[in-house]
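Take a look at the structure below.
Readers should treat all values here as calculations from the given coordinates under stated rules, not as data from a laboratory. Computed from a predicted model, the values in this text were never measured in an experiment. Here the Cβ positions follow ideal geometry from the backbone for every residue, glycine too, while neighbour counts run over all protein chains shown.
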Amino acid sequence: MKQPPRPPRPQSATRAFARASGAPAGDATARRGQAPRFERPDAFAAARREDSPGGEPIIREDEMDNELGVKKIGVVGCGVIGMSWTAYFLAKGFSVRATDPNPAAEARTREYVDNAWPLLERMGAAPGGKDRLFFSTDLIEAMDGVDFVQENGPERIDLKRTLFRDIANAIEPRVIVASSSSGIPVSDFQGASVHPERIVLGHPFNPPHVLPLVEVAGGKLTSPDVVDATVRFYARIGKKPVRMNREMKGHIANRIQAAVMREVLYLLAQDVASVEDLDIAIAHGPGMRWAILGQFLNADQGGGEGGIRHMMEHLGPAMEGWWADLGRNEHIAAEDIGLMERGVAKILERHDRAAIASARDSVLAQILQAKAAEDRLPY
């Protein structure tokens, strides 16, 4: 059936996005890509590239099919998250049509992809992936012909309402639009869209081109079938999606992170330990276990043969005492930021920030490889 003509092009989205980004709207040069290739959901564990030292998956021609028919992905917003998503989608064999109101974003995005590519190649990136990136500062032009959209705009409800309205006017009605919103529920911004049932949360963990987690949730107007299809799509391209039963501010992982940040900031303010020692306590203690198992299974392991029940009955009373003594700060004061900044600066006197990020991503990739090779782990 022939689709009805699209509504007249709105004028507010690019300008609003540009104001939030501190950049002017404008035209951009474009580079068009080639046909994509696709990966199956079990390829990470099953299909191995023999010449890859990490044993990572190789994308095969017979694995292009997916229920959503996705070949071209639109990426709206090219900040850190948007650039990382772009790199990931390209590595998975898709053509990516990216947009950002800042004309400088194209060069930054291509540079980011170039820097990420050696690691992605070790993880099994599709050949020629970087050539499939198209960029435009024009939202309508960039979204032409896309089959799936990953939105990464600023964390502002007013802007997201406008942005999602205008994205919907630029794409076909069948296309799902997933938001990388760090904490705003989909219900808060989907109502202005002509197809709110196609809008869903697809919140990644930074950096998306390395970390597998994606939190998926529907808003009040989202079709349950869309949520199901989004979960399956992310799983098919190598992500580890979790479906939220209901919306909450901050979703899941960011709420956990916020709770940890609240306590380490309290411990820092109370001069219990330095920034570096607090980081070491996490990175060389619970953080290492969290990379393998979640909180509940780690607690179950801690309970021995009695499992999580024994753990909680044995340590529960002591834990309740710790809870009562946790920091209660509800605001981040300027002096708190100063304490953190000075502590981090001492670490960066000895180590380069970019080198730390590169080393972090390399170690994360090795952890993912090790987990994929260990079939006794539950997830």
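Scoring LEU201 on the criteria (1) closer than 22 Å to CYS78 by Cβ; (2) touching a Pro at 6+ places or on another chain (Cβ under 6 Å); (3) aliphatic (A, V, I, L, M) leaves a single failure, condition (2). The sole residue among ILE292, ILE280, ILE367 that is farther than 18 Å from PRO212 by Cβ and hydrophobic (A, V, I, L, M, F, W, C) is ILE280.
Within the stretch 361-378, is even one residue touching a residue at least 24 places away in the same chain (Cβ under 8 Å), assigned to a loop (DSSP other than H, G, I, E, B) and more than 24 Å from the chain's Cα centre (by Cα)? Scanning the stretch 361-378 turns up at least one residue that is touching a residue at least 24 places away in the same chain (Cβ under 8 Å), assigned to a loop (DSSP other than H, G, I, E, B) and more than 24 Å from the chain's Cα centre (by Cα).
The rows are residues; the columns are (1) buried (at least 23 other Cβ atoms within 10 Å of the Cβ); (2) under 21 Å from the mean Cα position of the chain (by Cα).
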position: PRO103; (1), (2): no, no
position: ARG110; (1), (2): no, yes
position: VAL113; (1), (2): yes, yes
position: GLU121; (1), (2): no, yes
position: SER136; (1), (2): no, no
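For the stretch 152-166, a residue qualifies if it is touching a residue at least 60 places away in the same chain (Cβ under 8 Å), surrounded by 23 or more Cβ atoms within 10 Å (Cβ to Cβ) and closer than 21 Å to VAL214 by Cα, and the qualifying residues are ASN152, GLY153. For the stretch 182-217, a residue qualifies if it is buried (at least 24 other Cβ atoms within 10 Å of the Cβ) and small (Gly, Ala, Ser), and the qualifying residues are GLY202, ALA217.
Mind checking which residues of the stretch 78-117 are over 21 Å from ALA357 (Cβ atoms) and in a helix (DSSP H, G or I)? Answer for the stretch 78-117, where residues must be over 21 Å from ALA357 (Cβ atoms) and in a helix (DSSP H, G or I): just GLU106.
Could you tell me how many of the residues in the stretch 315-352 are surrounded by 14 or more Cβ atoms within 10 Å (Cβ to Cβ), more than 30 Å from the chain's Cα centre (by Cα) and not hydrophobic (A, V, I, L, M, F, W, C)? Of the residues in the stretch 315-352, 0 are surrounded by 14 or more Cβ atoms within 10 Å (Cβ to Cβ), more than 30 Å from the chain's Cα centre (by Cα) and not hydrophobic (A, V, I, L, M, F, W, C).
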